[in-house]
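Step one of this worksheet: look at the structure below.
The values are calculated or read from the model by the stated rules, or taken from the named source; none is laboratory data. What you are looking at is a predicted structure, and each value in this text was computed from that prediction instead of being measured. A quick note on method: Cβ atoms are made from the backbone with ideal geometry, for glycine too, and the neighbour counts reach across all protein chains shown. What goes into the accessible areas is simple: the full protein's heavy atoms, side chains included, and nothing from ligands, DNA or RNA. Shrake-Rupley method; radii C 1.70, N 1.55, O 1.52, S 1.80 Å.
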Amino acid sequence: MNKLRVLFATSEAYPLIKTGGLGDVCYSLPNALRQLDVDVRLLLPGYSAVLERLSLVEVHDSINIYPLLEPIRLLVGIMPGEITPVYVIDCPTLYQRDGGPYQDITGKDWEDNAVRFGVLSKVAALFGEHHFLFKPQIVHCNDWQTAIAPMWLALSNRPYAKTIMSVHNMAYQGLFGPKTVEQIGLPPESFNMFGLEFYGKVSFLKAGIYYANQVTTVSPNYAKDIQTQAYGCGLDTLLKERQKQLTGIINGIDLEVWNPEKDTYLNRNYNTINLSAKVRNTQVLRTQLNLEASKKMPLIGMVTRLTEQKGIDLIIPIIPMLIKAGVQIAILGSGDKTLEMHLQRLAALYPKQMNVTIGYDEKLSHQIEAGANIFLMPSKFEPCGLNQMYSMSYGTIPIVRHTGGLADTVIDATPENIKNELATGFVFERANSNELLYCVQRAVKMFSNKPVWKQLQITGMTRDFSWQKSAKQYVSLYHHSINTI
Ligand code: ADP
Ligand code: GLC
């Protein structure tokens, strides 16, 4: 039988390029799909980091996309340590720069992002029109950076592939001025409220949601959330209209990369049987971060983009109280400069109990997951969230707000859930500092009840967070799309 052919278009994929969970998912989901015998191949922009890390790069094709742009070359490589083929758009003027995939080193969005990701979307659509050797039946788009592809295919007279639009975060929509229409080569009449136009601007994500054959998001709860005004970021009405084609599929985690039993970044590997070895990771982390050695104080970890989404502003006012209550805090993150500054200022006030590392550090992120006792994710909204699942697998108890994928994955330590051995973490309802403080106090109190704490750890560590079930849901959706006219 012929394999199902899927092009997985994305602006990031671990270990080539990653700024957050999108990078993790665009590595682990294609791997899980290949295990289900899907011929899935990635499409990525040729950032310098991608070209440096990709093995076996060969030139595949040279194409003119826009009259004013140099011709782009399509390169093919293989994911490091994997067998997944990766198509890379080689266009040095657009992608080979110092800085991140979306922003320059000062944190400012690249001015030509519309063109940079217009080109990514266009090439994804060309694959869908079967211009190249690999002829996908599905073009699977991820986030706004690829979201014009479904529109191109809907307008095309060669719409051979069906399209899936996966929304990892509604808050990032790819909004640009109306000149974008011409810049990315779309017909002027396409700029209307049925698709591309959003309050006078071009919205990449709206186009994707409007034109894709199927829309998915990364947890069942977030699929409901985004159909409300509070979480829909202005697109809730459109999402409600597309309700029949909207599915929430919970993300999985990659158990080869995030597994305390074989994580090479850890000082000691451990599992449910030798859980006591986790302590050694805590001790080492404390030393590494210059935190006071202590057996009593729970160590609270955070690894996060420092943005409005993550509820950092809820934590800042209560840090002095938490410090007084006898906890330690280790934060790794980067993003908003004001938040960075507030956190650094607090860490300077309490050096024995609080450490803040500003930057992006893959190794330290694993060490915090393993070394912390508690992991904090008080997000205002959270499409899925991966760190709470990494935490539970590492026996690190998450504290989360009841929103999006956090609500789908963490089971609150109520007396009833503890009694039924279901509890895996601590959950609070409203996004305010008082509720968060109360929830942390609840966790800290429970920390001293060793048997219950261990039960929470083991319940989390033995939960199945793998991709198995979710990857099958994507395969069903692919088949459904192919079979629907
Ligand atoms: P989001 O995608 O919204 O940032 P997720 O929880 O889905 O949130 O995924 C975040 C991913 O990014 C995790 O793999 C996390 O470890 C990683 N990450 C976030 N910030 C950093 C950082 N400063 N250094 C290293 N890894 C980070
Ligand atoms: C986004 C979301 C996060 C999700 C990740 C991967 O960045 O903010 O909640 O886990 O994408 O889908």
Which one of these does A372 not meet: (1) within 17 Å of the chain's Cα centre (by Cα); (2) touching a residue at least 40 places away in the same chain (Cβ under 8 Å)? (1)
Identify, by number, the condition in (1) within 12 Å of ligand 1 (Cβ to nearest atom); (2) farther than 23 Å from N449 by Cβ; (3) within 17 Å of the chain's Cα centre (by Cα); (4) surrounded by fewer than 24 Cβ atoms within 10 Å (Cβ to Cβ) that M377 doesn't meet. (2)
Residues being open to solvent by less than 10 Å² (accessible area, probe 1.4 Å), part of a helix (DSSP H, G or I) and under 28 Å from L406 (Cα atoms) - total across region 9-67: 7
Condition set touching a Leu at 6+ places or on another chain (Cβ under 7 Å) and not in a helix (DSSP H, G or I), scope region 437-470, selection most open to solvent (accessible area, probe 1.4 Å): answer is S466
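Taking region 16-62, which residues are among the basic types (K, R) and at pLDDT 95 or above? Full working, then the answer.
Within region 16-62, the subset among the basic types (K, R) is 18, 34, 41, 53.
K18, R34, R41, listed by residue number.
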Quick check on region 310-352: of everything there that is out of contact with any Pro (no Cβ under 9 Å at 6 or more places or on another chain) and of a type in the set (S, T, N, Q), which residue is nearest to P378 (Cα to Cα)? S334
Inside region 118-162, the number of residues satisfying the requirement of being surrounded by fewer than 23 Cβ atoms within 10 Å (Cβ to Cβ), in contact with an Asp or Glu (Cβ under 9 Å, 6 or more places away or on another chain) and closer than 22 Å to P178 by Cβ is 0
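Quick check on my filter: what residues within region 13-72 are among the polar types (S, T, N, Q), touching a Gly at 6+ places or on another chain (Cβ under 9 Å) and within 16 Å of ligand 1 (Cβ to nearest atom)? Walk me through it before giving the result.
Initially, region 13-72 is screened for residues among the polar types (S, T, N, Q), giving 19, 28, 31, 35, 48, 55, 62, 64.
Filter once more, keeping what is touching a Gly at 6+ places or on another chain (Cβ under 9 Å): 19, 28, 55.
Hits for region 13-72 are T19, S28.
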Which condition breaks for L437 when tested against (1) more than 16 Å from P298 (Cβ to Cβ); (2) at pLDDT 95 or above? (1)
State whether one or more residues within region 341-358 are within 16 Å of ligand 2 (Cβ to nearest atom) and not acidic (D, E). no
May I ask you to list the residues in region 105-133 that are at pLDDT below 95 and under 23 Å from the mean Cα position of the chain (by Cα)? I105, T106, G107, K108
Among residues of region 258-308 being of a type in the set (D, E) and away from ligand 1 (no atom under 16 Å from the Cβ), the residue nearest to the chain's Cα centre (by Cα) is E261
Go through region 70-97 residue by residue and tally those that are open to solvent by 30 Å² or more (accessible area, probe 1.4 Å) and under 18 Å from A124 (Cβ atoms). 2
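Taking the conditions exactly as written (in contact with a Pro (Cβ under 9 Å, 6 or more places away or on another chain), more than 12 Å from ligand 1 (Cβ to nearest atom) and assigned to a strand (DSSP E or B)), does F426 satisfy them or not?
Against the criterion (in contact with a Pro (Cβ under 9 Å, 6 or more places away or on another chain), more than 12 Å from ligand 1 (Cβ to nearest atom) and assigned to a strand (DSSP E or B)), F426 qualifies.
With the condition being at pLDDT 95 or above, away from ligand 2 (no atom under 16 Å from the Cβ) and surrounded by 20 or more Cβ atoms within 10 Å (Cβ to Cβ), I'd like the helices (runs of 4 or more DSSP H) fully within region 217-329 carrying at least 1 qualifying residues. Talk me through it step by step, then tell me what you get.
On the way: elements: 220-225, 236-241, 278-288, 312-315, 319-324.
Fully inside region 217-329 and qualifying: 236-241, 278-288, 312-315, 319-324.
Filtering region 184-210 down to residues that are open to solvent by 50 Å² or more (accessible area, probe 1.4 Å) and either among the acidic types (D, E) or under 25 Å from the mean Cα position of the chain (by Cα) (or both), which residue is farthest from ligand 2 (Cβ to nearest atom)? Break it down into steps so the answer makes sense when it comes.
Quick first cut of region 184-210, residues open to solvent by 50 Å² or more (accessible area, probe 1.4 Å) only: 188-189, 191-194, 199, 201, 210.
Those left that are additionally either among the acidic types (D, E) or under 25 Å from the mean Cα position of the chain (by Cα) (or both): 189, 210.
On the way: E189: 33, Y210: 21 Å.
Residue satisfying both the conditions and the ranking: E189.
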Failed condition for G371, given (1) buried (at least 21 other Cβ atoms within 10 Å of the Cβ); (2) away from ligand 1 (no atom under 12 Å from the Cβ); (3) under 25 Å from A431 (Cβ atoms): (3)
Does E369 count as in a helix (DSSP H, G or I), away from ligand 2 (no atom under 16 Å from the Cβ) and touching a strand residue (DSSP E or B) at 6+ places or on another chain (Cβ under 9 Å)? no
